[in-house]
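The values are calculated or read from the model by the stated rules, or taken from the named source; none is laboratory data. Bear in mind that the values here come from a model prediction, so they are computed numbers and not experimental data. When we count neighbours, we look across all protein chains shown, and the Cβ atoms used for this are built from the backbone with ideal geometry, even at glycine.
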Amino acid sequence: MNDERGSFSSQLGVILASAGSAVGLGNIWRFPTEVGRGGGAAFILVYLGFIFLVAMPVMISEFIIGRSARSNAIGAFQKLAPRKPWIVAGIMGVLGGFLVLSFYSVVAGWTLHYTIASALGQLTTDNGQQTTDFAQAFTVFVSNPWLPILYLAAFMLLTHLVVARGIRHGIERYSKLMMPLLLIIIVLLMAFSLTMPGAAEGIRFLLQPDLSKVTPDVVLGAMGQAFFSLSVGIGCLVTYSSYFSKETRIVKSAVNVCIIDTMVAVLSGFIIFPTVFSVGIAPDAGPGLVFITLPNVFLLCFGKMPVVGYVFALLFYVLLLLAALTSSISMHEICTAFISEHFRQSRRRAATIVTIICLVLGSFCSLSFGPWQDVTVLGKGFFDLFDFIVTKFLMPLGGLLMTLFVGWYLDRRLVEQQLTNDGSIPVRTMRPLLFLVRWVAPAGILVIFLNEIIPLFI
Ligand code: PHE
C-alpha cells in the first residue's frame, strides 16, 4: 500500500536510519563542547534526565504521528487534524528542516575540508615548517569567501545523492552501510585515546560530577542539546516514521535510538577529553574544540608516534563526516517529502529544489564567518540566527505541540494501537509512558522554554 511513498524494509533499517539521524555533529562536536563548558559529569547527569524523561517521549509522539498518518510533517497534521491549528507544528518543522540543513552543512563542509587535509597529511607533518597555529589556520579558512562554500556545496551534493535515491535504496541502504562503520571507528578511536599517557584525568572529568557546576544555564543548555541530538521537535522523525511498516515497534525503536545516540555522545567524550587532558589543553575550548584543539592533539601525538597520529586524525574526521551525512539526509528528507507530496513533484525534482534553496541559505551562513561578518539580523549573523531559531524556538515549541497533540488531542485508542501494533505486542510500560507524554515532557519543555525566552524580552 505504501509502495509509492517507499518504506523501510526492516526493523534494523528503521533503527539504523533513525539512529543515523540522531547521531551527528551534535554528538561528536556539540556534546563535548557543552560538556566542557558545563563541568563534565554534572552536565551529563542532567542531560541523561532530559533524554529519557523529555526528549524520548517527544520522539515516541513523533513516531505515533508519522506512522499513523503516513505523510510528510505538514501533511500528517492535515490528515490527523484537518483544518485545525495543529498544522502549525508541521509548518514549523518543515521551516526548521530548511534552516537546520543550511547551517549544519556549513560545519559539515568544514569537516569535509579537515578530512581531506588530514588524508593529505596536512594536519600532521613532521617537516617542522608547517604552521602549527591551528586557531589561525581555522579562522583563515572559515573567513575565506568561497572555499568553505565549495565544501558546503560538495557536502550538500552528497546529501542530495542519497536522498534522491529514495528510502530503501538511498536512506536505508546508506545508513546500514555508514552506521556500523561509524561505530567501528568510535571503538578504534576510544582504544587510541584511552591508552594515551595521562588519559585518567580526562576520564575523571567525565565521571566525577561536580554538582556545583549545575547552574540554570547548564540545565537550559542540556535540554537544547538533548533535543538537537535526538533530532526531535522539527518533524524529522514524523517524516521518517511515515515510512515505518506496521510491524515496526515504536517504543523499542525509540529506546534503541536513544541508547545508541547517548552512547555515541558519551563515547565521543571518552575519545576527546582523555586526549585533550593528556596533552594538557583546557577542556572548555568551545566550538573550536574539534577544529583547533584536536588538530593540536593530533600533531603532538604524531610527533611521538607518527602512524598513530596520522591514522587517529584521519579516522576522527571520517567519523565526523559520516555522522554529519546520516543526519543531513534526515533533515533534507523533511523538506523533500513535503515538497514532493504537497506539490506533487517527483522525488528527484523535490530533492533538487531543496538542495538549491539550502545551498543559497547555507552560503549566507558560511559568509557570516567572512565577508558578511557585519551583516546581522536581530543582532545575529545568519549562522547564529538560524541556529538560534531552530534550537531555541522551533525544537522546543514543536516538541511541546507534538506531545500535547498525542497526549491530549489524538484518540487514546489510536495512540494505544500504534504503541502496541494493534494489540499484537504488549507494552507493559503504557501507563508511565503516557504519563511522560501527557505531563512530564510538556511541563518540562514549557518551564525551560519560558526560562529561556523571557530573559530575551526583559
Ligand atoms: N541529531 C543531529 C545531530 O546530533 C542533528 C539533527 C537535528 C538532525 C535535527 C536532524 C534534525 O547532529
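Here are the numbers:
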item	result
Candidate set from the range 301-357 (those that are among the hydroxyl-bearing types (Ser, Thr, Tyr) and within 17 Å of Leu189 (Cβ to Cβ)); member that is surrounded by the most Cβ atoms within 10 Å (Cβ to Cβ)	Tyr317
Close pairs (8 angstrom Cβ cut-off, 6 or more residues apart or separate chains): without any contact (Cβ under 8 Å) to a residue 40 or more places away in the chain in the range 19-44, within 16 Å of the ligand (Cβ to nearest atom) anywhere	none
Helices (runs of 4 or more DSSP H) enclosed by the range 180-241 - at least 1 residues per element that are away from the ligand (no atom under 16 Å from the Cβ) and crowded, with 18+ Cβ neighbours inside 10 Å	199-207, 216-230
Some residue of the range 395-416 being over 26 Å from Gln11 (Cβ atoms), touching a Ser or Thr at 6+ places or on another chain (Cβ under 7 Å) and in a helix (DSSP H, G or I)	no
Lone qualifier among Gly198, Gly235 - being small (Gly, Ala, Ser) and either at pLDDT 90 or above or in contact with a strand residue (DSSP E or B) (Cβ under 8 Å, 6 or more places away or on another chain) (or both)	Gly235
Candidate set from the range 384-434 (those that are within 26 Å of the chain's Cα centre (by Cα), in contact (Cβ under 8 Å) with a residue 40 or more places away in the chain and farther than 18 Å from Val94 by Cα); member that is surrounded by the fewest Cβ atoms within 10 Å (Cβ to Cβ)	Leu433
Residue identified as surrounded by fewer than 24 Cβ atoms within 10 Å (Cβ to Cβ), more than 14 Å from the ligand (Cβ to nearest atom), within 25 Å of Ile281 (Cβ to Cβ) and not hydrophobic (A, V, I, L, M, F, W, C) among Gly40, Gly13	Gly40
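Residue-by-condition table, conditions (1) more than 16 Å from the ligand (Cβ to nearest atom); (2) in contact with a Cys (Cβ under 8 Å, 6 or more places away or on another chain); (3) not small (Gly, Ala, Ser):
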residue	(1), (2), (3)
Gly6	yes, no, no
Ile28	no, no, yes
Val35	no, no, yes
Ala55	no, yes, no
Gln78	yes, no, yes
Pro82	yes, no, yes
